[in-house]
Amino acid sequence: MQRYDIVVVGAGPAGLSFARAASAEARVLVCEMQASVGGNTFSTWLPRDALPGELARAVVQRTKEVKVRGPKSELASRVEGVVLDWKWVVRLLALEARRRGAEIWTSSPAKELLLKEGKAVGVRLEAGSWREEVRSEVVVDASGCSSEWSGLFPRLLGRKPKPEETVFSGEHLLAGADPEDSVEFHFGSYLAPLGNGWVHPFGSGFAVAGIQGLRIHPEASLDEFVAKVRRLGRAAPVASTRGMAVDVSLESFCSDGILAIGGAGWQVLALSRGGLLQAMKAGEMAAKVVLEALTEGDVSKEGLSEYERLWRRELGPDFELERALYSALSRSWDRNVERLLEGMEREPALLRDFAALLAGVEPGRAAKKLLEVLG
Ligand SMILES: Cc1cc2nc3c(=O)[nH]c(=O)nc-3n(C[C@H](O)[C@H](O)[C@H](O)COP(=O)(O)OP(=O)(O)OC[C@H]3O[C@@H](n4cnc5c(N)ncnc54)[C@H](O)[C@@H]3O)c2cc1C
């Protein structure tokens, strides 16, 4: 049996941001079920002025224009952006976490949360005939919400998303794509009810096309979407990924000896169904609180609850406002998307705000302005 101060389950952006922030001051083990770190996103697009400097090394493409296509009309505007290779972002986080002393075990799925008198005291890792019990003062659930083994913390609370609360996402990396330097967002119930599709270039000759929504079939809907996008006419998928997100929130993010960050805490933005940047911030916030709790010798729910207070104060308003916009749009999806497009035509700066919101950048600020358009 091995002992650490902290075991982090999942080496996605949340878990590795946590490990990077905590590893200089505590013994941290990150266990990842897959053979490589990184979660299941290929890439992400960001407005250029929102690119965090530390992620500049992962830029694979610059874009010049954003297009939003609604059920009936479409708009384009000059908004400079960058496409990041997400695998690189996560590898860079892993590098920094490792340099600060974190241990990172890949191919190491956590199959069970170990409890003693209701307090989390470690995890049982298991792959094939290999089994290992790892004990720790604190377990950080950063296992996302995409796999059947994700979500140790929601399971502890007895929470499992219902099928109608589950959002599917799928992405293709396509070869032979028209190298247009724009990012496109597509909306319409015909495509993805209460969701959207996106396309952006990914280095010369490649593009990424993705789709997310409630009640969609991730593969079939994605193939239909790709077939509809003119610029992707002759491109073919060379890699695909899919994932799940949840359309509901958890009432709490911590319990005795355990807390949940990012997707594992169901911290998913309602409209974009994203949350990469927020997962990284949650990881950093949680690290600060866990280190303090270890120093104070109080890793009870009360000792860890400062994380929840911080999250609700600093990230909560973004999630609430973005959800308010999603709820307003949902009342009549196609009609309200068209009303947003009309608003963006009158005030072109709103298109940049909408694109930023879809990329998870300051979503609360943009949502507030867009809610005014819907009245
Ligand atoms: C196709 C797709 C495209 C997306 N595009 C965007 C985007 O452009 N912008 C954006 O903001 N968001 C996007 N998202 C959402 C984004 O991926 C999530 O918000 C983000 O990954 C959450 O990070 P995380 O670290 O919490 O979880 P994840 O990235 O899901 O990482 C969790 C990690 O835990 C591992 N794991 C799971 N269970 C266990 C276990 N039991 N033991 C050990 N390891 C385990 C997983 O293998 C994974 O590596 C997209 C999602 C998908 C599926």
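The values are calculated or read from the model by the stated rules, or taken from the named source; none is laboratory data. In this text, all values refer to a predicted model and were calculated from it rather than measured experimentally. Please note: Cβ atoms are built from the backbone with ideal geometry, for glycine as well, and neighbour counts cover all protein chains shown. To get the accessible areas, we keep the full protein, side chains included, count just its heavy atoms, and leave off ligands, DNA and RNA. Shrake-Rupley method; radii C 1.70, N 1.55, O 1.52, S 1.80 Å.
Could you compute the FRET efficiency for Lys116 and Asp334, with r as their C-beta to C-beta distance and R0 at 56 Å, rounded to 0.05? In this case the efficiency is close to 0.60.
Computed over region 97-155, relative contact order equals 23 percent, with contacts defined as Cα pairs under 8 Å that lie 6+ residues apart. Contact order, relative form, for the chain: 20 percent (alpha carbon pairs under 8 Å, 6 or more residues apart, mean separation divided by residue count). Heavy-atom accessible surface of Cys145, to the nearest 10 Å², is about 30 Å², with a 1.4 Å probe and all protein chains retained.
For region 324-374, the Cα-based Rg and Dmax, in that order, read 9.9, 25 Å. Across the chain, the longest run free of exposed loop sites, meaning trypsin sites (Lys or Arg not before Pro) lying outside DSSP classes H, G, I, E and B with no more than 13 other Cβ atoms within 10 Å, spans 73-233. If you run the Gaussian network model on the chain, springs between alpha carbon atoms under 10 Å, then out of Leu93, Leu115, Leu29 the most flexible one is Leu115. Quick check: the angle from helix 276-296's long axis to the longest principal axis of the chain, C-alpha only, nearest 10 degrees? For 276-296 against the chain, the angle is about 20 degrees. Based on DSSP H segments of at least four residues, each scored -39500 (n - 2.57), the chain has a per-residue ellipticity at 222 nm of -10500 deg cm²/dmol. Using only the alpha-carbon atoms, how far is helix 316-330 inclined from the longest principal axis of the chain? Give it as 0 to 90 degrees, nearest 10. Compared with the principal axis, the helix lies near 40 degrees. Here, P(r) means the percent of Cα pairs in each 10 Å bin from 0 to the largest distance; for region 99-140 it is 27, 49, 23, 1. Accessible surface area normalised per residue over the chain is 42 Å², counting heavy atoms of protein chains with a 1.4 Å rolling probe.
A crude spin-label estimate for the pair Glu296 and Ser129, with each label 7 Å from Cα along the Cβ direction, gives 4.7 nm. Entry note, region 112-191: relative contact order of 14 percent, from Cα contacts under 8 Å with a spacing of 6+ residues.
Positive contributions from Lys and Arg (+1) and negative ones from Asp and Glu (-1), summed over other residues with Cβ under 9 Å from the Cβ of Lys64, come out at -1. Solvent-accessible area of region 1-113 (1.4 angstrom probe, protein heavy atoms only): carbon and sulfur portion equals 43 percent. Kirkwood analysis of the Cα pair distances in region 4-154 returns a hydrodynamic radius of 17.0 Å.
Calculated FRET efficiency, His217 to Thr106, Cβ-Cβ distance, R0 = 35 Å: about 0.70 to the nearest 0.05. Among Ser332, Ser249, Ser240, whose mean-square fluctuation peaks in a Gaussian network model of the chain (Cα, cutoff 10 Å)? With Cα springs under 10 Å in the chain, the top fluctuation among Ser332, Ser249, Ser240 is at Ser332. Projecting label points 7 angstrom from Cα along Cα→Cβ for Arg98 and Glu148 puts them 3.1 nm apart. Measuring gaps between exposed loop sites in the chain (GluC sites (Glu not before Pro); DSSP loop; at most 12 other Cβ atoms within 10 Å), the longest gap, sites not included, is 252-375.
The angle separating the long axis of helix 301-314 from the principal Cα axis of greatest extent in the chain is about 20 degrees. Pairwise Cα distances in the chain exceed 34 Å in 26 percent of cases.
Carbon-plus-sulfur accessible fraction, region 117-198 (probe radius 1.4 Å, protein heavy atoms only): 52%. Comparing Cα centroids, region 174-209 and region 265-325 end up 31 angstrom apart. In region 119-266, the convex hull through the Cα atoms has an average projected area of 11.1 nm², a quarter of its surface area. Residues within the reach of a label modelled at Glu284 (point 7 angstrom out along Cα to beta-carbon, backbone nitrogen below 16 Å), restricted to region 4-30, are 13-24. Surface composition of region 324-374: carbon and sulfur atoms hold 47% of the protein heavy-atom accessible area at a 1.4 Å probe. Among the protein heavy atoms, those of His217 account for about 100 Å² of accessible surface (1.4 Å probe, every chain in place).
Where in region 53-91 is the amide nitrogen less than 16 Å from a point lying 7 Å along the Cα-to-Cβ axis of Asp181? Residues passing the 16 Å test: 59-67, 77-84. Taking Ala293, Ala24, Ala282 as the candidate residues, the one with maximal mean-square fluctuation in a Gaussian network model of the chain, Cα springs under 10 Å, is Ala24.
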